[in-house]
């Protein structure tokens, strides 16, 4: 299995809702990443998990809460989002953080719309 | 700070022709990796090709090849025999062991 699977593919939520994005990989990768991508822009790093521990938080607002329950699974919990948070949320994984030799494997993203 | 520049926001090419996408980067690191990723309308970022900075030989993957000029900090992507399925956003990316730094992207359209 050489894929990163993200669910759901599309999500529409109100500003008072609580929802979660899910990301799963079975490649034995020990680093997992959340990115936010606005239209026609490159992905922006949000969080990095290394060996299931939060390694990097790029000053992301607390309404985004990441969780890594095990080495294969990464969640992003959403609460009280704003319309400007509407974007494509990409998950990625790599063999290890800091070992970039083989690049990242990306999922196909969750298109989030906040209304 | 590490930066990646792609000076061509949009490009187009006729099917079966060859096109070159440019990328320059700025770093003081000596060991690093460079990547080209493709993002078609399906949204998934797909690795096209990668280059290890300590290797002088340019990487090739089928119709895709790079021209890596380390001294000039240049890393261009050449697509030969362009196909309609090559239509996508192309991002150049750099990693020296921290995290990816992406360029702003080049939107490539392959015309029939």
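The values are calculated or read from the model by the stated rules, or taken from the named source; none is laboratory data. What you are looking at is a predicted structure, and each value in this text was computed from that prediction instead of being measured. For neighbour counting, all protein chains shown are included, and Cβ atoms are generated from backbone atoms with ideal geometry for every residue, glycine included.
Go through the stretch A:80-115 and report how many residues are assigned to a strand (DSSP E or B) and within 15 Å of the chain's Cα centre (by Cα). Spell out the reasoning first.
First, pick out the residues of the stretch A:80-115 that are assigned to a strand (DSSP E or B): A:87-94, A:105-106, A:110-114.
Those still in the list that are within 15 Å of the chain's Cα centre (by Cα) too: A:87-94, A:105-106, A:110-112.
Going through the stretch A:80-115 one residue at a time, the tally reaches 13.
Checked against the criterion of being assigned to a strand (DSSP E or B) and over 15 Å from residue B:11 (Cα atoms), the candidates B:110, B:66 yield just one match: B:66.
Are any residues in the stretch A:20-45 more than 11 Å from every other protein chain (Cβ to nearest Cβ) and in a strand (DSSP E or B), and if so, which ones?
The initial filter retains those residues of the stretch A:20-45 that are more than 11 Å from every other protein chain (Cβ to nearest Cβ), namely A:20-30, A:32, A:34, A:36, A:38.
Passing the criteria: A:20, A:21, A:22, A:23, A:24, A:25, A:32, A:34, A:36.
Each residue in the stretch B:66-106 was checked for being at negative phi and surrounded by fewer than 17 Cβ atoms within 10 Å (Cβ to Cβ), and 13 pass.
Each row is one residue, and each column tells you yes or no for (1) closer than 24 Å to residue A:91 by Cβ; (2) at pLDDT below 95.
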| position | (1), (2) |
| --- | --- |
| B:3 | no, yes |
| B:22 | no, no |
| B:38 | yes, no |
| B:42 | yes, yes |
| B:45 | yes, yes |
| B:65 | no, no |
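Screening residue A:78 with (1) farther than 23 Å from residue B:101 by Cβ; (2) surrounded by fewer than 19 Cβ atoms within 10 Å (Cβ to Cβ) gives one miss only, at (2). The residue pairs whose first member lies in the stretch B:88-112 and is at the interface with chain A (Cβ under 7 Å from one of its Cβ atoms) and more than 22 Å from residue B:32 (Cα to Cα), whose second member is part of a strand (DSSP E or B) and at pLDDT below 95, and whose beta carbons are closer than 9 Å, counting only pairs six or more residues apart or on different chains, do not exist in this structure.
Number of residues in the stretch B:7-43 that are within 29 Å of residue A:5 (Cα to Cα) and crowded, with 18+ Cβ neighbours inside 10 Å equals 9. Scanning the stretch A:1-40 for residues that are loosely packed, with under 15 Cβ neighbours inside 10 Å and at pLDDT below 95 turns up A:1, A:2, A:14, A:15, A:16, A:17, A:26, A:27, A:28, A:39, A:40. For the structure I just gave you, tell me whether residue A:55 is under 28 Å from residue B:52 (Cα atoms), within 11 Å of chain B (Cβ to nearest Cβ) and in contact with a helix residue (DSSP H, G or I) (Cβ under 9 Å, 6 or more places away or on another chain). For residue A:55, the condition - under 28 Å from residue B:52 (Cα atoms), within 11 Å of chain B (Cβ to nearest Cβ) and in contact with a helix residue (DSSP H, G or I) (Cβ under 9 Å, 6 or more places away or on another chain) - is not met. Within the stretch B:28-54, the set of residues being under 13 Å from residue B:102 (Cα atoms) and more than 10 Å from the chain's Cα centre (by Cα) comprises B:33, B:39, B:45. Only one of (1) at pLDDT 95 or above; (2) within 14 Å of chain A (Cβ to nearest Cβ) fails for residue B:14. Which number is that? All conditions are met except number (2).
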